[in-house]
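Every number here is computed from the coordinates shown, using simple stated rules; none is lab data. Note that the structure is predicted; figures quoted are calculated from it, not measured. When we count neighbours, we look across all protein chains shown, and the Cβ atoms used for this are built from the backbone with ideal geometry, even at glycine.
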Amino acid sequence: MSQAMIELLLEALLETLLMVGVSGALATAFGLPLGVILLVTSKGHIAENRPVNAVLGAIVNATRSTPFIILMVAIIPLTRLLVGTSIGTPAAIVPLTIAATPFVARLFEAAMREVDPGVIQAVQAMGATRLQIITKVLLPEARPGLIAAVTVMLVSLTGYSAMAGAVGGGGLGDLGIRYGYQRFQPDVMLAVVVVLIALVQITQSVGDRLVRHFTRK
Amino acid sequence: MTPAMLDIVKLSKIYETPSGRVHALDGVDLSVARGEIHGIIGRSGAGKSTLIRCINLLERPTAGKVRVDGQDLTVLPARELNVARRAIGMVFQHFNLLSSRTVFDNVALPLEIAGAPSGLIRRQAREALERVGLSDKADRYPAQLSGGQKQRVGIARALAGRPKVLLCDEATSALDPETTVQILDLIRQINRDLKLTVLLITHEMSVIRDVADRVTVLDGGRAIETGPVFDVFTRPQSETARRFVRDTVGLALPPHLTESLVPVGTSDRPLLLRITFVGPAASEPIVSALSRRFDLDLNIVAGRIDEIQGRPFGTLAVLVDGAAPKLEAALNYLRARNMPVEVLGHVPSHDRAAS
C-alpha cells in the first residue's frame with residue numbers, strides 16, 4: 001500500500017473517530033435524561049406519567065425504526081439549519097446523534113430498571129426527593145450498566161458512520177466503498193475492515209474494563 | 001400518661017385488582033408507647049407488610065390516620081412528608097443497601113438526603129457504625145459482607161438520622177437462626193440505650209418472644225389480638241394466636257397419640273390433657289397432687305419449660321386415667337387454680353397410662 005493510501009486511511013480513521021466521538025458524546029448527553037424520563041414516568045415508578053411516557057416512547061420507537069440511511073436524508077433541512085451545510089463530516093454528526101440518542105436512551109432505561117426497587121424504597125423511606133432518588137440511587141447504582149450501554153452505542157455508531165459517505169461525511173466506511181469497492185482495490189478494503197475491527201475491539205474492551213471497575217456486586 | 005409515640009387509627013388499605021377489591025387492611029387500630037418494642041405477627045397475606053409500609057406512607061392508606069409523635073402523616077404535603085420520614089428509620093428483610101456505596105457512605109446516606117453539613121454527617125455516621133459494631137468495615141462494600149453484617153449496616157443506616165421510631169420489616173427473616181439472635185439482641189440493646197420506639201413485623205413467634213414487649217396479632221387485615229407478650233403467649237385469646245404460640249413454644253405430641261385421638265366423651269379410655277403452667281404455678285407439684293387427691297393415673301407424654309421475658313412458662317401433655325367423676329373434679333381443680341388446661345381427647349389404643 002502506498003504512502004498516499006496510508007495517509008488516506010489515517011485521515012478516514014480520524015473522521016470516523018470524530019463522527020463517532022462527537023455524536024456519541026452528544027447522544028449520551030441527550031440520551032441520559034431521556035432514559036431517566038422514560039423510566040421514572042413508566043407505570044409504578046417514582047414519577048408515573050402515562051401521557052409523557054407514551055408520547056416519548058412513541059417518538060423513540062419511531063426514530064429507532066427508521067433506517068439510518070433514510071433518516072440521514074430525511075433530516076437534511078435540520079442538518080443544514082444546525083451546521084450550515086448538509087455535506088461533510090460535521091453534517092454527518094447530526095443524523096448520527098439523532099439516531100443514537102433514542103437507541104442509547106432505551107439502553108439507559110433498561111440499565112436503570114435493573115436497580116433493585118427495594119433500594120429505591122429504602123431511600124424513599126429516608127425522605128428522598130425524586131431528584132435525589134435519581135442522582136443518589138438510580139444513576140450511581142446503574143453505573144456499570146450505563147457504561148455498558150455507552151459501549152454498545154459506540155460500536156453501533158461505528159457501523160452507522162460507514163453510511164455517512166452518502167452525505168460526503170468521509171470516514172473509514174466511505175474509504176472502503178470508494179477505493180476498495182468502486183476502484184477495485186481489495187487491499188484498501190481489507191485495511192479498512194482490519195482497522196474497523198481493531199477500533200470496535202478496543203472500544204469494547206475499554207468499556208468492559210470500566211464496567212468491571214465500577215461493579216461492586 | 002404520655003401520649004403514644006405511634007398511633008394508628010382505623011387504618012384501611014384497599015387494593016383494586018382485576019378480580020375485585022382486596023381489603024389488605026381493614027380498620028386497624030394500634031398504639032405503640034414511647035420506648036416500647038411492639039411486634040406485629042401474622043402469616044403471609046395477613047397485611048403486616050402493608051401495615052408497616054403505611055406507617056411511613058411508602059403505601060398510602062385508603063382511610064385512617066397515622067400519627068407519629070402526635071403528627072398525622074396522612075395529611076402532609078409531599079415536602080413535609082419527606083421531612084417527617086427522616087424521623088422514622090426503617091430496616092428491611094433484604095437489607096436494601098446501595099451496592100455502589102461503601103458501608104460508611106450507605107450509613108451517611110439518610111443524612112446526606114436530609115442536607116446535613118458534612119461534619120455532622122461524618123460524626124453521626126461513625127457513631128451509628130460504632131453502635132452496631134462495624135467501625136472496622138466502614139470502607140468495605142456491601143457485597144463483601146455477610147448477611148448479618150449487611151443487616152447491621154441496615155440498622156446503622158436507620159439510626160444515623162437519630163429517628164424517633166424504628167420500623168423493622170421482617171428484619172431477621174433472611175438470616176440464619178444464630179445471626180437472627182444476634183440481630184434481635186442488637187435491636188433490644190438499641191431500644192434500651194436510646195429509648196427508641198420499635199415496631200417490628202414478623203411471621204415468627206420466636207422473634208416476638210425474644211425481643212418484643214407487646215404484640216399485636218394480625219389476621220385478614222384486622223388486629224385481632226393485642227397485649228403484653230407474656231399474656232398473649234400464656235393466654236392466647238384468638239385461634240390464630242393460639243396456633244402461633246403452639247408452633248413456637250407448643251409441644252410436639254408424639255404422632256401415634258395425635259393420630260389415634262377420639263373426641264371427648266366418646267370413650268372411656270384415658271384422656272389426653274395439655275396443661276399450661278404460668279408464673280408461680282410453674283413450680284407446683286401438680287402431677288403428684290392430681291394423682292394423690294383424685295386417685296388418678298398420670299402419664300407424662302411430653303413436656304417443656306420456656307422462659308418468656310424472664311418468666312417461666314411450661315407446657316405439659318399428660319394421659320390421665322381414672323373414673324369419670326374424678327377426672328371432672330381434677331379438671332375443675334386445675335381451672336380453679338387458674339391453670340389453662342386443654343382437653344385434647346381420648347387415646348383409645350393400647351396405652352401406658354392404664355397399666
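Quick notes
- Eigen-decomposition of the gyration tensor built on the alpha-carbon atoms of the range B:209-265 gives equivalent ellipsoid semi-axes of 26, 14, 10 angstrom, largest listed first.
- Stokes-Einstein diffusion for the range B:96-186, with the hydrodynamic radius set to the Kirkwood value over Cα pairs and evaluated at 10 °C in a medium of 1.306 mPa s, equals 121 µm²/s.
- At an R0 of 60 angstrom, the distance between the Cβ atoms of A:K43 and B:E342 translates into a FRET efficiency of 0.70.
- The C-alpha radius of gyration of the protein assembly as shown, expressed as a fraction of 2.2 N^0.38 Å, stands at 1.41.
- Taking only the Cα atoms of the range B:233-355, the radius of gyration and Dmax are 14.1, 41 Å.
- Fluctuation leader among B:L319, B:L253, B:L30 - chain B, Gaussian network, Cα springs under 10 angstrom: B:L253
- 0 to 90° range, to nearest 10: angle between helix A:50-65 axis and chain A longest Cα axis: 20
- Centroid-to-centroid separation of the range A:29-54 and the range B:92-108 [C-alpha atoms, Å]: 25
- Percent of C-alpha pairs per 10 Å bin in the range A:151-217, short distances first: 21, 40, 23, 11, 4, 0.
- For the range A:64-217: relative contact order, % (alpha-carbon pairs under 8 angstrom, 6 or more apart): 24
- Compactness check for the range A:1-123: Cα Rg over 2.2 N^0.38 Å is 1.35.
- Stokes-Einstein, applied to the Kirkwood radius of the range A:1-60 over Cα pairs at a viscosity of 0.692 mPa s and 37 °C, places its translational diffusion at 230 µm² s⁻¹.
- Close amide H pairs (under 5 Å, H built 1.01 Å from N) link B:V301 with B:A317, B:V318, B:L319, residues at least 5 positions away or on another chain.
- Of the Cα atoms belonging to the range B:31-101, the radius of gyration and Dmax stand at 13.6, 38 Å.
- Long-range Cα-Cα pairs in chain B (distance over 26 Å), rounded percent: 58
- The range A:75-167 pair-distance distribution - Cα-Cα, 10 Å bins, rounded %: 16, 33, 23, 18, 10, 1
- At R0 = 56 Å, FRET efficiency that the Cβ-Cβ distance of B:L194 and A:A62 yields, to 0.05: 0.45
- Rounded to the nearest 10 degrees, the inclination of helix A:186-214 to the longest alpha-carbon principal axis of chain A is 20 degrees.
- For the range B:1-145, the normalised intensity computed at q = 0.18 Å⁻¹ comes to -1.15 (log10 of I(q)/I(0), Debye sum over alpha carbons, equal scatterers, no solvent).
- As a size descriptor, the averaged projected area of the C-alpha convex hull of chain A was calculated at 13.5 nm².
- Aspartates and glutamates with Cα under 17 Å of B:K65, excluding same-chain neighbours fewer than 8 positions away: B:D7, B:D26, B:D29, B:E80
- Length gained when the stretch A:S205-A:A54 is fully extended (0.36 nm per residue, less Cα-Cα span): 50.8 nm
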